[in-house]
Amino acid sequence: MGQHQKPVLSIVVPMYDEEAVLPIFVERLRPVLDLLDVSYELLVVDDGSRDRTAEMLSVAAADWPQLRLIRLLRNSGHQAALSAGFQRARGEYLISIDADLQDPPEVIPEMLAKARSADVDVVYGVRSDRTSDSVGKRVTARMYYRLMRRLVGREIPHDAGDFRLVSRRVIDAVNALPEGGRVFRLVIPWLGFPSADVTYVRAERAAGETKYSLGKMLRLAFDSVTAFSAAPLRLATWLGALGGLGSLAIVIVALGMKAAGHTVPGWTSTVLVVGVIGAVQLLCLGLLGEYVARMFQASQGRPSFLVGYDSLEDHGHTAYPEVTQVVTPGGAEITDAEHAP
C-alpha cells in the first residue's frame with residue numbers, strides 16, 4: 001500500500017508509558033493484521049509518554065510500513081488520544097484497542113467480518129468473562145454500566161469498553177460533533193447507528209501497570225454523567241425540595257411543642273437541622289458548579305489535544321518537534337502554531 005493511499009482499516013491505539021508491554025503488543029498484533037485480506041494502517045497515539053514508548057515505536061515503524069506514530073505534546077488523557085486517532089484515521093473502518101492486551105487483537109478479523117456480513121456501522125467488543133479483573137473493578141464496572149444505561153439509554157452495551165469497530169460514517173459523525181471531552185463509550189451508542197457485537201474473554205494485563213487509577217475511573221464516571229445527563233441537577237432540585245419540606249416539618253413540630261408549653265432543651269436538634277440543610281446546600285452548589293465548569297471550559301475553546309508529530313506527514317523530522325497542528329474541541333484544524341488559540 002502506498003504511503004498516501006487510503007487503507008481499508010485503521011487501527012487506533014492510545015499509549016501512555018507502555019514500554020513494558022510494547023514488544024509483546026507488536027508481536028501479537030502484527031501477524032493478525034498482516035493476515036487480513038485488506039490494507040490497513042496502525043495509528044499509535046503516544047499520549048505524551050515520559051518513558052521510551054515513542055522511541056521504541058519509531059524503531060518499530062522502520063520495519064513496519066503500516067505503523068504510523070502520532071505524538072501528542074502533552075498527556076491529554078485516554079479519550080483525547082482516541083479523538084486524535086479519529087481525527088487522523090483514513091480507513092473505511094476504524095478499530096480502537098488498548099495496548100495492554102486485555103482486549104485480544106485476535107478478535108479483530110471477527111469484528112471486521114461481522115461488520116461486513118451484518119452490514120452494521122458499529123461492532124462492540126463485549127467482555128463475556130471479567131474474572132481477570134479484581135472484584136472491586138468488576139463491581140464498580142457493573143455499577144457504572146447500570147448507571148449509564150439508566151441515564152443515557154438502554155442502547156449502551158453492557159461490559160463494552162473502548163474496543164470496538166466503527167465505519168467511516170460513524171468516524172465522520174463523531175468528528176463533526178462540536179463538544180470536547182468526549183466519552184466514546186457513550187457518544188457512539190448515542191449516535192444510534194446499526195450495531196452488533198462480538199464476545200471475548202478479558203485477559204490480564206500482559207505487562208506493565210495500569211494507567212487507569214481509581215481517581216481516573218471516578219473522573220470518567222463523573223464526566224460520563226455530567227456530559228450526557230442533567231440528572232444530577234434534578235437530584236439537586238429534589239434534595240433542595242426534600243430539605244425544604246423537612247425544615248418546614250421541623251418548624252411545625254417546634255411551633256406545636258411551643259404552643260403546648262413544651263420546650264426543647266439543648267442544642268442537638270438545632271445542630272442536626274443546620275448540618276443537614278447545610279450539607280444539602282453544599283451538595284447542590286457542588287453539582288451546579290460542575291456544570292458551570294463544563295460550560296466555562298467549552299466557552300474557552302481550548303483544544304482537547306495538541307499534535308506535535310505525525311510520521312505520515314513529518315518525514316525526516318524527529319518525534320519531538322514544535323506544534324504542527326492544533327485540533328479544537330469542534331474538530332477545526334490550525335496548522336500554524338503561531339495562530340493557535
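Observations
- Built amide H within the under 5 Å cut-off of residue 68, gap 5+: 42, 43, 44
- Remark on residue 196: its backbone amide H falls under 5 Å from those of 122, 123, 124, a criterion applied only to residues 5 or more positions apart or on other chains, H modelled at 1.01 Å from N.
- Ratio of the Cα radius of gyration of segment 42-138 to 2.2 N^0.38 Å, where N counts its residues: 1.23
No value in this document is a laboratory result; all are computed from the given coordinates. Keep in mind the model is a prediction, meaning the values are calculated, not measured.
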